1. What about SER53, is it over 27 Å from LEU144 (Cβ atoms) and either loosely packed, with under 11 Cβ neighbours inside 10 Å or out of contact with any His (no Cβ under 8 Å at 6 or more places or on another chain) (or both)?
2. Can you find a residue that is in a loop (DSSP other than H, G, I, E, B) and among the aliphatic types (A, V, I, L, M) anywhere in the range 49-62?
3. Report yes if some residue within the range 138-146 is loosely packed, with under 14 Cβ neighbours inside 10 Å, modelled with pLDDT under 90 and β-branched (Val, Ile, Thr); otherwise report no.
4. Restricting attention to the range 39-50, and to residues there that are surrounded by 11 or more Cβ atoms within 10 Å (Cβ to Cβ), at pLDDT 85 or above and not aromatic (Phe, Trp, Tyr), which single residue is farthest from THR95 (Cα to Cα)?
5. If ALA23 meets every condition in (1) more than 20 Å from ILE75 (Cα to Cα); (2) exposed (fewer than 11 other Cβ atoms within 10 Å of the Cβ); (3) in contact (Cβ under 8 Å) with a residue 12 or more places away in the chain apart from one, which number is that one?
6. Could you give every pair whose Cβ atoms fall below 9 Å, whose first residue belongs to the range 29-52 and is free of Cβ contacts under 8 Å to residues at least 60 places away in the same chain and among the polar types (S, T, N, Q), and whose second residue is surrounded by 14 or more Cβ atoms within 10 Å (Cβ to Cβ) and assigned to a loop (DSSP other than H, G, I, E, B), counting only separations of at least 6 or pairs across chains?
7. Among the residues of the range 1-48, which ones are assigned to a helix (DSSP H, G or I) and among the basic types (Lys, Arg)?
8. ALA240 versus (1) under 30 Å from THR7 (Cα atoms); (2) at pLDDT below 80: which is the lone unmet condition?
Amino acid sequence: MKRRSPTLEGFQVLFRQPALGLAEIASRWSFGLAVAASLAYSVSQYFDTLPVSAADMFLLRTRQPVLILQALERIFQGSAARAVAAAVVLTVALTIGWIVIASLGRAATLKALFGYFREDGFHETGPVLSPLMGLNSLRATVTLAALVGGTLGALLLAGASSSKTDPSPGRALLVFFVLTTLVGLAWTTLNWFLSLAAVFVVGKGVDAFSALASAVNLCRAQPGSLAAAGTCFGVIHLLAFTIAISVVGLPVGLASMLPAGAVLGGVLTVTLLYCAIVDFLHIGRLAAYVCMAEQPPDTQPSAISTPLSSGLPPSDDDILSDIPGLIPPQRLGY
């Protein structure tokens, strides 16, 4: 059977099944709107708990920076504990919500993709929701470790590189930049492996750790196909980002001539379009991964020739001397 190009198959899915891309956009944006609404509500409730006296209001209305800062210092004094508690509760709740929503959405998307590539359609081979939630829990843990542990570790090491006796802000900044870059690369790699493992959870019906092993085997068996798919979709992603940055510069450059609402609306519209394109392309790359998982890797023929490959018919009496070319002629000395 002729092998299919996973990258081309990913692009064909985008054009033949655009509903999958739109479903991905709807799933991600619905959670994003929920996060934005939760943050806005939490901030408003937090501000309602802040005590504002008549003297503070008087200082705020003076429009003097020094007096305004004094009023804000009194208003926010002692409220840091409530802010931290609200942030922790909100983070935990949103993380649990993301794990559930992302698992349901990925299960539905991958089932549709496997049904597209399989002639007999998709048939479940085992539970997929629990392993997907396990993978997404690992993704959330890795992200939290990178944000908190990686950032704090980079700050501590950067601070240690610049002492009071030998201050060097440039060296400290360089150390912090290098460490955060390495942490970001490690997080990107782990997050990509965990995302790829979801393909095998749905396709094979295995658990989370077996899916991770299958993802590693796929990287070892088809590195060229993975690199080609990642490069093609990555180039398009970069092109979309470049165009978005260029278009955003137009309303920003006309900020002195246009109203603030028009500038903000233009920037927000371009940003939403860019996010929609990125989410739509993600389905194509996911389809390429599914195509790789569904077809075996290339098998190269063995370099060891057999009697059949020499053009001679097989015989029960064949020995090495009967097959020309296997044993070089020897010189007989007299």
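The values are calculated or read from the model by the stated rules, or taken from the named source; none is laboratory data. Given the structure is predicted, the values throughout are model-derived calculations rather than measurements. Note that we place each Cβ from the backbone using ideal geometry, even for glycine, and neighbour counts take in every protein chain shown.
1. Values: over 27 Å from LEU144 (Cβ atoms): yes; either loosely packed, with under 11 Cβ neighbours inside 10 Å or out of contact with any His (no Cβ under 8 Å at 6 or more places or on another chain) (or both): yes.
In short, yes.
2. Within the range 49-62, the first condition is being in a loop (DSSP other than H, G, I, E, B), and the residues that meet it are 49-53, 62.
Now narrow it down to the ones that are among the aliphatic types (A, V, I, L, M): 50, 52.
There is at least one residue in the range 49-62 that is in a loop (DSSP other than H, G, I, E, B) and among the aliphatic types (A, V, I, L, M).
3. Taking the range 138-146 as the starting set, the residues that turn out to be loosely packed, with under 14 Cβ neighbours inside 10 Å are 141, 144.
Okay, now just the ones that are also modelled with pLDDT under 90, so none.
Checking the range 138-146: not a single residue is loosely packed, with under 14 Cβ neighbours inside 10 Å, modelled with pLDDT under 90 and β-branched (Val, Ile, Thr).
4. Among those that are surrounded by 11 or more Cβ atoms within 10 Å (Cβ to Cβ), at pLDDT 85 or above and not aromatic (Phe, Trp, Tyr), it is VAL43.
5. (2)
6. Matching pairs, first to second residue: THR49/SER79.
7. Filtering the range 1-48 for residues assigned to a helix (DSSP H, G or I) gives 6-16, 18-48.
Answer for the range 1-48, where residues must be assigned to a helix (DSSP H, G or I) and among the basic types (Lys, Arg): ARG16, ARG28.
8. It fails just one condition, (2).
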